[in-house]
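The values are calculated or read from the model by the stated rules, or taken from the named source; none is laboratory data. Just so it is clear, the model here is predicted, and its values are computed rather than measured. Every residue, glycine among them, receives a Cβ derived from its backbone with ideal geometry; neighbour counts consider all protein chains shown. These area figures cover heavy atoms from the full protein model, side chains too; ligands, DNA and RNA do not enter into them. Shrake-Rupley method; radii C 1.70, N 1.55, O 1.52, S 1.80 Å.
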Amino acid sequence: MHLTRCYPVMKNVKILEDFYKQKRPAMFVANHCSWMDIPFLGATIGWRNYKLISKKELGIVPILGTAIKAGGNIMIDRSDRRSQLKTLKQGIGYLKDGIHLCTFPEGTRSRTGRLMKFKNGAFKMAYKAGAPIIPITIVNSHKVMPTGWMMAMRPARGLAEVIVHEPVESEGKTEEELAQAVRESMIKGLPEDQIPL
């Protein structure tokens, strides 16, 4: 990403450095409005042992689908209740084994760039595993690589940002309170044109 000037500005990375010293697993959640969100999220988290939670449909995407499967990442079939339960157990197991999880709780890319409603799977996993959630706001990735584009349309440097927020502890909260606290953190980092209506 450095060579193509597609590296975003990363803010509050010290929060992650301090968190990693605790040697605890976390659920990383970010808003999703571009294919660039995946490499932006990976670059922000760094070289850590983590698994992505993705929709089953990505399994047919050339190269990406193979990489997701080979890496032992979690693929969920949203139309199959049994798959959802299996995914939930697998995610809780990874967190309890000390492996970080990453997901986009909206469940799909926002076509407008605005934050959409969250699905509850990520929050249920973190809650049941007793793991904190680290909210991450991704700004303007949809302007770097809009929906329908195969490659980045413009350099990310100076346009896209990744903002890390303080971890939200799952202990002492209900799943709903956890989701609301994470959503509020993420919204604080969004520009006006990405705030939900």
Problem - K55 long-range amide H proximity, modeled H, under 5 Å - result: I76
Fill in the blank from the handout: Plugging the Cβ-Cβ distance of N49 and N120 into 1/(1 + (r/R0)^6) at R0 = 22 Å yields, to the nearest 0.05, a FRET efficiency of 0.30
Problem - Amide proton proximity set for F28, modelled H, under 5 Å, gap of 5+ - result: L101, C102, T103, I134
Completion exercise
Per-residue ellipticity at 222 nm attributable to helices in the chain (runs of n ≥ 4 DSSP H, -39500 (n - 2.57) apiece, nearest 500 deg cm²/dmol) works out to -10000 deg cm²/dmol
Completion exercise
Mean 1/r over distinct Cα pairs of the chain, inverted to a Kirkwood Rh in Å, yields 16.9
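Provide the per residue accessible area, probe 1.4 Å, for the chain, rounded to a whole number of square angstrom.
53
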Fill in the blank from the handout: Listed by chain and number, the residues whose amide H is under 5 Å from that of M145, excluding neighbours fewer than 5 places away on the same chain and using placed H, are M153
Problem - Pairwise label distance in nanometres, K11 with K188, each label 7 Å out on the Cα-Cβ vector - result: 1.1
Practice task
Any chance you could get the radius of gyration and Dmax over the Cα atoms of the range 11-60, in Å?
Solution key: 12.5, 37
Exercise for the section: Output ³J(HN,Hα) for the range 172-186: one whole-Hz value per residue in order, computed from phi by the Karplus curve 6.51 cos²θ - 1.76 cosθ + 1.60 with θ = phi - 60°, and x for Gly and Pro. Expected result: x, 10, 7, 4, 5, 5, 5, 4, 5, 5, 5, 4, 4, 4, 5
Completion exercise
Residue-ordered couplings for the range 25-35, obtained by feeding phi - 60° into the Karplus form 6.51 cos²θ - 1.76 cosθ + 1.60 and rounding to whole Hz (Gly and Pro as x), are x, 9, 9, 8, 10, 9, 6, 9, 9, 6, 4
Completion exercise
Whole-percent carbon and sulfur contribution to the accessible surface of the chain (1.4 Å, no ligands, DNA or RNA) stands at 55
Exercise for the section: Pull out the extension gain between T108 and A67, defined as 0.36 nm times the separation in residues minus the alpha carbon to alpha carbon distance; nm, one decimal. Expected result: 12.9 nm
Handout entry: E169-K128 pseudo-label distance in nm [points 7 Å out on the Cα-to-Cβ vector]
Key = 2.3
Handout entry: the range 8-44: trypsin sites (Lys or Arg not before Pro) in DSSP coil with no more than 12 other Cβ atoms inside 10 Å
Key = K21, K23
Practice task
Quote the charge dipole size of the range 19-138 about the Cα centre in Debye, to the nearest 20; the model charges only the Cβ of Lys and Arg (+1) and of Asp and Glu (-1).
Solution key: 340
